[in-house]
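**Q** Dropping the structure in here first, questions after.
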Amino acid sequence: RQVLEQVQRVAPTDSTVLILGETGTGKELICRAIHHDSLRRAQPLVKLNCAAIPSGLIESELFGHERGAFTGAVSSRIGKFQIAQGGTIFLDEIGDLPITTQAKLLHVLQDRRVEPVGASMPQPIDVRVVAATNRDLTAAVREGSFRADLLYRLNAFTVNLPSLRSRPNDLPILARHFAAEFAKHLDSPCPDITKEAIAALKLYDWPGNVRELEHMVQRAVVLSTDSCEVGISEFTFSHVGMSTTPDSFGEGFQTLVDNERSYIVHVLKHTGWVVQGE
């Protein structure tokens with residue numbers, strides 16, 4: 001609720017927003033909420049994962065390029081900033097942006113102009129910037145991998161997303177919400193999650209946060225043989241050192257069938273749930 005209150009306050013402004021949080025806490029959802037509640041909501045929301053683009057191409061992706069600007073540039077191309085004109089650009093994993101590109105991004109934020117690779121004249125832009133990262137940018141500045149002046153520009157308004165392990169009371173609400181959503185997708189009755197399963201969820205430390213919880217609940221609903229409820233045996237915890245066998249809760253040892261089920265699920269997770277093909 002505190003995060004959503006911050007979103008409601010900053011969304012109508014044109015302030016640059018920096019969203020901080022661990023992987024899986026919902027940084028892109030918060031960006032969508034900021035854009036949806038802003039005066040730019042009728043204009044594009046353009047997303048770019050800075051960690052997914054090779055360092056040699058990131059500048060072209062952001063700012064565009066002219067024909068012949070580099071080998072392979074057979075035609076001109078507009079960048080993400082130009083596509084987002086009048087709207088919002090979401091720079092995810094900003095902490096992985098190459099240091100050379102950081103300097104050019106800083107100039108864009110200062111001057112509100114972009115200069116495509118190979119162009120001689122900058123182009124004015126009207127774009128709101130929302131950035132996100134799961135890295136400690138202050139530590140990155142000390143290490144020399146992130147520019148301090150860019151950090152000062154980005155954190156005009158900072159939203160810190162709490163980890164799932166820091167709010168265990170939200171776990172039952174979120175788990176039952178995801179179960180209901182997935183059951184609706186399967187066009188089946190919404191199963192309840194047993195108290196024993198909820199207790200197990202609260203013991204887990206959730207390295208993947210809400211995203212991991214969502215996927216785990218979906219798997220549990222699929223594995224459940226009871227359409228009315230999902231029990232502890234349907235949940236598979238991946239974190240080393242976390243034991244969710246019935247013995248952990250004073251109910252004796254796992255049966256051979258339960259061990260077989262756990263082993264099959266473990267192998268499926270190792271293969272990314274692919275059972276045939278590449």
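**Q** Any idea which residue in the range 184-211 is nearest to SER163 (Cα to Cα), counting only those that are assigned to a loop (DSSP other than H, G, I, E, B) and in contact with a strand residue (DSSP E or B) (Cβ under 8 Å, 6 or more places away or on another chain)?
**A** Filtering the range 184-211 down to residues assigned to a loop (DSSP other than H, G, I, E, B) leaves 186-191, 194, 204-208.
In the following step, the residues that additionally are in contact with a strand residue (DSSP E or B) (Cβ under 8 Å, 6 or more places away or on another chain) were identified as 191, 194.
Working: PRO191: 26, THR194: 24 Å.
Step by step, filter the range 184-211, then rank; the result is THR194.
**Q** If I ask for residues that are within 14 Å of LEU57 (Cα to Cα) and either acidic (Asp, Glu) or in a helix (DSSP H, G or I) (or both), which ones from the range 94-103 would you list? Let's see the steps before the verdict.
**A** First, pick out the residues of the range 94-103 that are within 14 Å of LEU57 (Cα to Cα): 96-102.
ASP96, ILE99, THR100, THR101, GLN102 - these are the residues of the range 94-103 that are within 14 Å of LEU57 (Cα to Cα) and either acidic (Asp, Glu) or in a helix (DSSP H, G or I) (or both).
**Q** Out of the residues in the range 244-278 meeting the condition of being exposed (fewer than 12 other Cβ atoms within 10 Å of the Cβ) and modelled with pLDDT under 50, tell me which one is nearest to the chain's Cα centre (by Cα).
**A** Checking each candidate, the answer is ASP247.
**Q** Where the second residue is modelled with pLDDT of 95 or more and assigned to a strand (DSSP E or B) and the first is of a type in the set (Gly, Ala, Ser) and lies in the range 25-54, which pairs have Cβ atoms under 9 Å and are six or more apart or on separate chains?
**A** As it stands, the answer is SER38/THR88; SER38/ARG128; ALA51/ASP92; ALA52/ASP92, since those pairs meet every condition given.
**Q** A follow-up question, please. From LEU154, LEU164, grab the single residue that is open to solvent by less than 20 Å² (accessible area, probe 1.4 Å), touching a strand residue (DSSP E or B) at 6+ places or on another chain (Cβ under 8 Å), closer than 26 Å to ARG9 by Cβ and not polar (S, T, N, Q). Write out each step before concluding.
**A** Details: LEU164 fails: touching a strand residue (DSSP E or B) at 6+ places or on another chain (Cβ under 8 Å).
Only one candidate qualifies: LEU154.
**Q** Right, here's the next one. From the residues in the range 41-74 that are open to solvent by 60 Å² or more (accessible area, probe 1.4 Å) and among the hydroxyl-bearing types (Ser, Thr, Tyr), which one is modelled with the lowest pLDDT?
**A** THR71
**Q** Would you point out which residue out of GLY86, GLY24 is at positive phi, modelled with pLDDT under 95 and surrounded by fewer than 21 Cβ atoms within 10 Å (Cβ to Cβ)?
**A** After applying the criteria, what remains is GLY24.
**Q** Only one residue in VAL127, VAL117 is touching a residue at least 12 places away in the same chain (Cβ under 8 Å), more than 21 Å from ARG147 (Cα to Cα), open to solvent by less than 50 Å² (accessible area, probe 1.4 Å) and touching an Asp or Glu at 6+ places or on another chain (Cβ under 9 Å). Which one?
**A** Result: VAL117 is the single residue among VAL127, VAL117 that is touching a residue at least 12 places away in the same chain (Cβ under 8 Å), more than 21 Å from ARG147 (Cα to Cα), open to solvent by less than 50 Å² (accessible area, probe 1.4 Å) and touching an Asp or Glu at 6+ places or on another chain (Cβ under 9 Å).
The values are calculated or read from the model by the stated rules, or taken from the named source; none is laboratory data. Model, not experiment: these values are computed from the prediction. Glycine also receives a Cβ, built like all others from the backbone with ideal geometry; neighbour counts cover every protein chain displayed. Areas reflect the complete protein model, heavy atoms only, side chains present, ligands, DNA and RNA absent. Shrake-Rupley method; radii C 1.70, N 1.55, O 1.52, S 1.80 Å.
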